[in-house]
Amino acid sequence: MPEELVVAEIQQAFFEYRANFQKPIIVLWSGGRQAEIIDAVHNALVEWGVGIENVGWNQGAKNLREVQLTFGVPSLSAFIQVGVVGTTMTAQNPDWSRAPALVSMFQTAMDALKGITAQQLQSQQTTLGFHVKPPEGRPFRETVTQFVNVKALGGDDAAMFGISVYYDDHSLLFDASAVIQGGLFVRLVRNFDGERRFEEVANTLYSDEEAVLHRLGLKLQ
């Protein structure tokens, strides 16, 4: 009889989304048209309570690649950074109960950016990292040993095992948590082509996280 899945107790999750433009938007920066980007993205984010005070820029940039605008979205603990070669969006402690709001906000921002820059995306990448508390009576060390050859590693007395798995378009990492005693740190990275909309990216990410947790005898909800 399969072991019953336990709801995962996830802490200190972090999500990062990176997208590269097909071509650097140098004309918008060198032509002094940054205000057009600010206006377009800010107007798109007003719905989520983003004000002028939430917009900033990197004043210490040493070269054009480091120049970027930052839009803070306090209501969702998120940030959007726009640079010459692409954009980065991050969210602290995201959970799937907030997913509809985050997905809608990120997609709206991306649509505004693509509209004002007249650029499509070349590639996209997501990174999801989180720490998981071990279920009562089920140490993660015992769970993770199913993925390694303990005898070949001479790891009978090892406190924990770290595992990295790399595929053509995604990777998976298990490691000892530095935050939770006896916990596990999980990182999922996946690459996408530039045509995927953020809604599709989020659905794939959910499936990835769910599948990984199932391997650990856990579930999202």
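Read-outs throughout are calculated quantities, based only on the coordinates presented, and are distinct from any laboratory measurement. Given the structure is predicted, the values throughout are model-derived calculations rather than measurements. All Cβ positions, glycine included, derive from the backbone under ideal geometry; neighbour counts span all protein chains shown.
Enclosing the Cα atoms of the stretch 95-138 in their convex hull gives a volume equal to 87 cubic angstrom per residue. By the beta-carbon count within 10 Å of each Cβ, the least crowded to most crowded order of K62, K219, fewest first, is K62, K219.
In the elastic network of the chain, a GNM with C-alpha springs shorter than 10 Å, the most mobile of F147, F71, F198 is F147.
Reducing the stretch 33-79 and the stretch 150-221 to their Cα centroids gives an inter-centroid distance of 31 Å. Considering only R190, R141, R33, the Gaussian network model of the chain with Cα springs below 10 Å gives its largest mean-square fluctuation to R33. Residues considered: G115, G72, G86. Largest GNM mean-square fluctuation over the chain, using C-alpha springs under 10 Å, is found at G115.
Computed over the chain, the per-residue total of -39500 (n - 2.57) for DSSP H runs of n ≥ 4 gives a 222 nm mean residue ellipticity of -8500 deg cm²/dmol, rounded to 500. Helix 34-45 and the longest principal axis of the Cα set of the chain meet at an angle near 60°.
Using only C-alpha atoms and all pairs of different ones, pull out the Kirkwood radius for the stretch 131-221 in Å with one decimal. Before the final figure, lay out the partial values.
Values: mean 1/r = 0.0687 Å⁻¹.
About 14.6 Å for the stretch 131-221.
Neighbour counting of Cβ atoms within 10 Å sorts the residues I52, I10, fewest neighbours leading, into I52, I10.
Fewest neighbouring Cβ atoms within 10 Å first, the residues Y17, Y167, Y206 line up as Y167, Y206, Y17.
Among 18-25, 128-135, the peptide with the highest mean count of other Cβ atoms within 10 Å heads the list, and the full ranking is 128-135, 18-25. In the P(r) worked out for the chain, what percent of Cα pairs fall beyond 32 Å? Looking at the chain, the distances longer than 32 Å represent 29 percent of pairs. Each eigenvalue of the Cα gyration tensor of the stretch 23-119, multiplied by 5 and square-rooted, gives one semi-axis; in descending order these are 23, 14, 12 Å.
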